[in-house]
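First up is the structure itself, then whatever we jot down about it.
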Amino acid sequence: MSGKHVLLVEDEPHIAEAIRFILTRAGWKVSLEADGAQAYARIGSERPDAVILDLMLPGSSGLDILTSLRGDATLAELPVLMLSARGQVRDRDAATRAGATAFLAKPFANGDVLAMLDEIVTRAKEQRSA
Amino acid sequence: MARSALTGTRIRERRTALRIKQADLARSVGISPAYLNLIEHNRRRVGDELLGQIAGAMAVDPVALSEGAEGALFDGLREAVAGAEAEGGAHMAGMPELERIEEFVGRFPGWAAILAGRQARVNALERVVESYSERMAQDPFLLASLHEVLSAVTSLRSTAAILVETDDIEPIWRARFLRTIQEESLRLSETAEALVGYLDDLEEAETGLSSPLEQVEAWLSARNWHLEELEEATPPPPEALIAGVAELASSAARKLAIAHIERAQADARALPLEAFRDAVAELGMDPALLATRFGAPLGAVFRRLATLPLAEGAQPVGLVICDGSGALTFRRGVPGFALPRFGAACPLWPLYEALARPMQPVRKVVDMAGRLPERFLTYAICQPSQPGGFDGPVLMEAMMLILPPPPERAPGERAIGSSCRICPRGECAGRREPSILSEA
């Protein structure tokens, strides 16, 4: 189970709980963070294998956090799955520009979160070993 | 200057009204009856000089023959052409014969009126669509509600799927997720209720076929722009003046109307009707002299001049007011000075020159492009105000009076238009988009 740690940054408690339940049962270690302003510091200290980031957060927007991550040499390659409750093209584009590895519009199927997370982490591993 | 075909119709109407025979009129101006007949049926254009002679022979003002009430009709038809062009339809169907627009209006006035009427309807409907899409995209309440709905649906969907798909779920988790479903369902129904209430409250008129400003204009126009109740010693409350007024359909329009009444009432107090009329008779329509005489703000004099009861035979006075963005906040047009129905006006209006030079009075004789160019004397001034206090924003307001022109042309008169799209001045330095008119 080592090497499968994800930090979930999501301010909606019920959504966070459901995602945590699904990922935990699939073998992930899941940390929760509801406050956008704390997210960056926690990523730096916990060094998860991936981050699931909601786009609209209190404190600091998901896009700002992502931009800070990409500007940090040690975190620039971290796989990030962006969630948005406004699934417009505009949000997807903004997330991609800011450096999101993948994007998922709410509402989503549980299997999609898991599949996408597995995919971006596997891809990142392959790139590191290549 | 090109004389236009409807002039012929008016010559014929005037001649028959005066019981002058066609042959007699033709002889007196030195043309053949057949040629006059062609002119009267809008098949030949009539030059300035000949029009002057014909008008002289019938003892009428040449302007009365070349002017018509069809200006709006022409604008409507041109807008229809512009609309078709914008959709690319005009190219497929072949360009309409714009150069024969006057012949069209002259020969088929009924069809032309229907086409222009349809165009006005299309404009109105386009505005409704625009206001709906703006509302959808900008309304913070709708956006927040949508976010709530999506969040609730997201957690409902995930939670329900967990309950259905996880066979061996522990009782403690099952209980927790069931509670989640209960809570999220409640949240969803509350949001839905709030949304329904919000949509119910949207007045139908708010998204109706005319803007609030247009509704106020329609009301003031029906009142001949003068509210005589405000001249009384103790005027009725503003609300009483607009009670039951059909034109003011939306609450936004009623708010604008109340603001107008309050301002007009203050103007009426500062410039009492009798004394002001006497002063105008003595000093003429010079806003600065009048303001000095009464110790009143220039803006009050501008507004008062444009809303006096119209004396017998006098020409109406036009007034346009814009804010710092150039958006027109008050529009009283006069015949021959066409105000754009939508979008921005001609950038060469002295109004905008004044806006760019606050506190500097601008006096300018303008030549308004149209079927028949027409001259006007304009006074414009822009003044700042700080309704939010000394530290608040400085708001600019420019106003322009539109008065009858001095009889003699003088150097420095300015050629202007209504708005670029329907303006015939091809070589204009201020043009921001091509005109649909081919005339130069």
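About the Cα centre of chain B, how large is the charge dipole given +1 on each Lys and Arg Cβ and -1 on each Asp and Glu Cβ? Please answer in debye to the nearest 20.
Dipole of chain B, to the nearest 20 debye: 2060 debye.
What is region B:6-66 by shape, rounded, prolate or oblate, if you read a ≥ b ≥ c off the alpha carbon gyration tensor as root eigenvalues and call it rounded for a/c under 1.5, prolate for a/b larger than b/c, and oblate otherwise?
It comes out rounded by the Cα gyration axes.
Quick one: if the Förster radius is 45 Å, what FRET efficiency do B:Asp323 and B:Leu186 give, using the C-beta to C-beta distance and rounding to 0.05?
0.45
So, by mean Cβ neighbours within 10 angstrom, what's the order for B:48-56, B:75-83 with the highest one leading?
B:75-83, B:48-56
What list of ³J(HN,Hα) couplings, whole Hz, do you get for region A:75-80 from phi and the Karplus terms 6.51, -1.76, 1.60, once you set θ to phi - 60° and write x for glycine and proline?
Computed from phi, the couplings for region A:75-80 are 10, 4, 9, 4, x, 10 Hz.
Would you mind getting me the FRET efficiency between B:Leu195 and B:Phe108? Use the beta-carbon distance for r and R0 = 56 Å, nearest 0.05.
The value I calculate is 0.65.
Taking every residue in A:10-19, how many Cβ atoms of other protein chains lie within 10 Å of its Cβ, on average?
The mean count of partner-chain Cβ atoms within 10 Å per residue comes to 6.
On average, how many beta carbons from a partner chain sit within 10 Å of the beta carbon of a residue in B:168-176?
1
Under the classification rounded if a/c is under 1.5, otherwise prolate if a/b is larger than b/c and oblate if not, where does region B:291-440 fall, given a ≥ b ≥ c as square roots of the Cα gyration tensor eigenvalues?
oblate
Just to confirm the number: angle between the C-alpha axis of helix B:140-165 and the first principal axis of chain B, 0 to 90 degrees, nearest 10?
Approximately 30 degrees, to the nearest ten.
Take B:Glu228 and B:Val394, extend 7 Å from each Cα along the Cα→Cβ direction, and tell me the distance between the two endpoints in nm.
4.4
For helix B:251-270, report the angle its Cα long axis makes with the longest principal axis of the Cα atoms of chain B; keep it between 0 and 90° and round to the nearest 10°.
50
State, to one decimal in nm, how far the label point of B:Ala161 lies from the label point of B:Ala415, with both points 7 Å from Cα in the Cβ direction.
6.8
If you average the sequence gap of Cα pairs under 8 Å that are 6 or more apart and divide by the length of chain A, what percent do you get for the contact order?
RCO, chain A: 22 percent.
With each label point set 7 Å from Cα along the Cα-Cβ vector, what nm distance links B:His41 and B:Arg263?
5.3
Let's see if you can work this out: charge +1 on each Lys and Arg Cβ, -1 on each Asp and Glu Cβ, no other charges. What is the dipole magnitude of region B:315-440 about its Cα centre, in debye to the nearest 20?
240
Report, in debye and to the nearest 20, how large the dipole of region B:250-339 comes out about its Cα centre when Lys and Arg carry +1 and Asp and Glu carry -1 on their Cβ.
Around 380 debye, computed over region B:250-339.
Helix B:6-17: angle to the longest alpha-carbon principal axis of chain B, degrees 0 to 90, nearest 10?
60
Every read-out reported here was derived from the displayed coordinates using simple, explicitly stated rules and does not represent laboratory data. What you see is a predicted model, and the numbers here were worked out from it, not measured in a lab. With ideal geometry, Cβ positions are generated from the backbone for all residues, glycine too; neighbour counts draw on all protein chains shown.
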